[in-house]
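First the structure, in the form of C-alpha cells, and then the observations on it.
The values are calculated or read from the model by the stated rules, or taken from the named source; none is laboratory data. All values reported here derive from a predicted model rather than from experimental measurement. Ideal geometry is used to build each Cβ from the backbone, glycine not excepted, and the neighbour counts take in all protein chains shown.
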Amino acid sequence: MNLSLKHVSSLLLLLVFFGCKPYEKTLAPQQLSGPKDLRSLNPYLFKPRLADGEKVLYRCHFDGGFFFKKFHLSGLLFFKEMEDEGDKQRVVFANEMGLTFFDFGWQMKADGTDSFTVYSILPKLNKPAVIKTLKKDIELVLLRNLGEFKLFQKDGLEYYQTPLEKGFAYFVIGKSPRELKRIDIVGKKRVASIYQFGKQPENSMPDSISIIHTKAHFTINAKRITDAGS
Amino acid sequence: MNRLLFFTFCLLFSLGVKAQPKGYQPIKNVAEFQQKLSTATASLKSLQADFVQTKHLALLADKIVSKGLFSYQKDDKVRIEYKTPFQYLMVMNGGTILVRDEQKSTRINTRNSKMMQSVNRIMVDCMSGRVFSNPDFKVSAYSSSSRDLLLLRPVSADLQRIYSSIEVYLNKSDMDVVMLVLKEPNGDYTEMVYSGTRHNLALNESLFKTR
C-alpha cells in the first residue's frame, strides 16, 4: 500500500514536472530545408484559397465564462473573398436576426504583408483585447499576417512555429497523410488550440472549426452551412 | 441676401426630400391614421406568417437569407422561429425572452436590459398598433398607393449605435405588417418579408412558453 502510494506521488511529481515544462522545450528543433520561399512551406499549403467573390457561411456558437458567470452566444460567421480587389478577405459575424457584431477585413499589400481593418463592431465588443483575440484567431485560420516559421518535431509530427504579438502559434502537421492536426497558441504554455475538420482539399475552408481558449475560458464552434437563398 | 435665402431653401428642400422614403408621401392626418391602425389591430387576437429574412451586407454587396415562421398572440406574445439554414427560436412573452439555438436555451429578463426591451417592444407594437406610443423611437408615417410606412428613428444614443432606423411596411387594405427593415449605422440592413399571413388562429399557448 505504502509502495503504491509512493508510486502515485512520484507519478504526480513527474506529471507536475512535465506539465510545467514550457511547450517549446518538449519539441526538437529541426533545420528548415527545401524551398527558400516561405509561402511554399507546409503551413501555407493549408491556407484557404477562395475564388474571386466566393463566400463561405458558418453557423457559429460562442461559449464561455467562469463558474456561474457563463455566457452563450450564437450567430452566423461569413467569409468573403472580395471581387477584383486583389487578395482581400472580409469576415462578418452577425446574429440570427441580422445585426452585425463585427466586420473585419484583410488586404494583402504590395510588400506581401497584410493590412487589417475594422469596418464595424458593436460598441459592447469594441475593446482592444476582444478585437486582438478575434483578429488573431481568424488570421491563424486564414493564414494571414503571419511572420517567419521555425520547424520543430515531436512524435512524428511537424511543429511550425510563428511569432505572435504575445507568444507563438504552432501549426501541428502530420506527415503521412499530410494533415493539419491543429494550431496551438502558446504563451509560457498552451493557451488555445484551433482544430479544423473537413479541409478537403487542404487549401479550402474547413467544414467545421473549433477554437478552444483554455486560458480565457471560451470556445468557438463553427459549422459550415449554405444559406436559404443559395 | 436673396441668394442666401434661396440657397438655404434649396438645401432644406433637398434634405427634406432625402429624409422621405422614395415613392412615399408623408401622411398628413396622423391622428386619423393612428385610429385606422388601432381599429384594424383591435380585432386581431393572433397571427401567423411565414417570413424570409435577408441580411444585406452593404460593403460586401452580398446577402444572407434565412426563412422561418412568425407567430403573434395578443397582447404581448411573439414567437420567431428560424427553420433554415439554421434552427433558432426566439419567444417573447411579457418581460421574458427565451432564446433557443441548436445547443442551448437561454432565458433573458428584458427588465434587466433596456436594449432588449426596446427591440422586443417594436415587434409587439407592430402587431398591436401601438407603435406611436413607443418612447424609444420618433415615429413618422408615410403612404404610397398600396402600402403605409412607419419610419422609426431611435431616440437614445445607445439604440442609435445599433439601428439607424426601422421601417415597418403595412398593407393598406388590412394594415398587416408585410415587411420590416432594420437599418444599421454601417449601411447593412435586414429585411423581414412576411407572407401567407393567417389571422386569429387558435394558437397553442405552449408556443409562447418561455419556461
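Selection of the range A:140-195 for residues being of a type in the set (S, T, N, Q) and touching a residue at least 60 places away in the same chain (Cβ under 8 Å) yields A:Gln153, A:Gln161, A:Thr162. For the range B:62-79, a residue qualifies if it is among the charged types (D, E, K, R) and surrounded by 21 or more Cβ atoms within 10 Å (Cβ to Cβ), and the qualifying residues are B:Lys77, B:Arg79.
Scanning the range A:80-99 for residues that are more than 10 Å from chain B (Cβ to nearest Cβ) and surrounded by fewer than 17 Cβ atoms within 10 Å (Cβ to Cβ) returns A:Asp84, A:Glu85, A:Gly86, A:Asp87.
Scanning the range B:142-156 for residues that are within 14 Å of chain A (Cβ to nearest Cβ) and modelled with pLDDT of 90 or more yields a single hit, B:Pro154. When we screen A:Ser210, A:Ser204, A:Ser193, A:Ser176 for residues that are of a type in the set (Ser, Thr, Tyr), in a loop (DSSP other than H, G, I, E, B) and under 21 Å from A:Cys60 (Cα atoms), the only hit is A:Ser204.
For the range B:161-197, a residue qualifies if it is of a type in the set (Asp, Glu), closer than 11 Å to B:Arg147 by Cβ and in a strand (DSSP E or B), and exactly one does: B:Glu167. Scan the range A:191-230 for residues that are over 22 Å from A:Leu73 (Cβ atoms) and either touching a Phe, Trp or Tyr at 6+ places or on another chain (Cβ under 6 Å) or aromatic (Phe, Trp, Tyr) (or both) and the total you get is 1. Among the residues making up the range B:134-157, those that are in contact with a Phe, Trp or Tyr (Cβ under 8 Å, 6 or more places away or on another chain) and among the polar types (S, T, N, Q) are B:Ser143, B:Ser144. Looking for whichever is at pLDDT 90 or above, more than 17 Å from B:Tyr194 (Cα to Cα) and more than 12 Å from chain A (Cβ to nearest Cβ) here; the options are B:Leu69, B:Leu98. Which one fits? After applying the criteria, what remains is B:Leu98. Count of the range A:78-92 residues, restricted to those that are in contact (Cβ under 8 Å) with a residue 24 or more places away in the chain, aliphatic (A, V, I, L, M) and either in contact with a Pro (Cβ under 7 Å, 6 or more places away or on another chain) or assigned to a strand (DSSP E or B) (or both), is 1. Has the range B:79-95 got any residue that is more than 14 Å from chain A (Cβ to nearest Cβ) and closer than 19 Å to B:Thr197 by Cα? Checking the range B:79-95: not a single residue is more than 14 Å from chain A (Cβ to nearest Cβ) and closer than 19 Å to B:Thr197 by Cα.
Taking the range A:103-128 as the range and being of a type in the set (A, V, I, L, M, F, W, C) and either more than 23 Å from A:Leu143 (Cα to Cα) or facing chain B (nearest Cβ under 10 Å) (or both) as the test, the residues that pass are A:Ile121, A:Leu122, A:Leu125.
Just one of the numbered conditions (1) away from chain B (no Cβ under 12 Å); (2) surrounded by 14 or more Cβ atoms within 10 Å (Cβ to Cβ); (3) charged (D, E, K, R) is not true of A:Arg49: (2). Close Cβ contacts (under 7 Å, 6 or more residues apart or on different chains) running from residues in the range A:207-230 that are away from every other protein chain (no Cβ under 14 Å) and free of Cβ contacts under 8 Å to residues at least 24 places away in the same chain to residues that are of a type in the set (Gly, Ala, Ser) and part of a loop (DSSP other than H, G, I, E, B) comprise A:Asp207/A:Gly198. Against the test of being more than 10 Å from chain B (Cβ to nearest Cβ) and closer than 13 Å to A:Ala222 by Cβ, the options A:Leu73, A:Leu77 yield a single qualifying residue, A:Leu77. Looking at the range A:148-178 only, could you name the residues that are within 18 Å of A:Asn42 (Cα to Cα), surrounded by 15 or more Cβ atoms within 10 Å (Cβ to Cβ) and either modelled with pLDDT under 90 or of a type outside the set (A, V, I, L, M) (or both)? Residues satisfying the conditions are A:Phe149, A:Lys150, A:Phe152, A:Glu158, A:Tyr159, A:Tyr160, A:Gln161, A:Thr162, A:Phe168, A:Tyr170, A:Phe171. For first residues located in the range B:111-129 and modelled with pLDDT under 70, partners that are among the aliphatic types (A, V, I, L, M) and part of a helix (DSSP H, G or I) and lie 6+ apart or on another chain with Cβ distances below 8 Å form the pairs B:Met115/B:Leu159.
Within the range B:33-61, the set of residues being surrounded by 18 or more Cβ atoms within 10 Å (Cβ to Cβ), in a strand (DSSP E or B) and within 14 Å of chain A (Cβ to nearest Cβ) comprises B:Phe51, B:Gln53, B:Thr54, B:Lys55, B:His56, B:Leu57.
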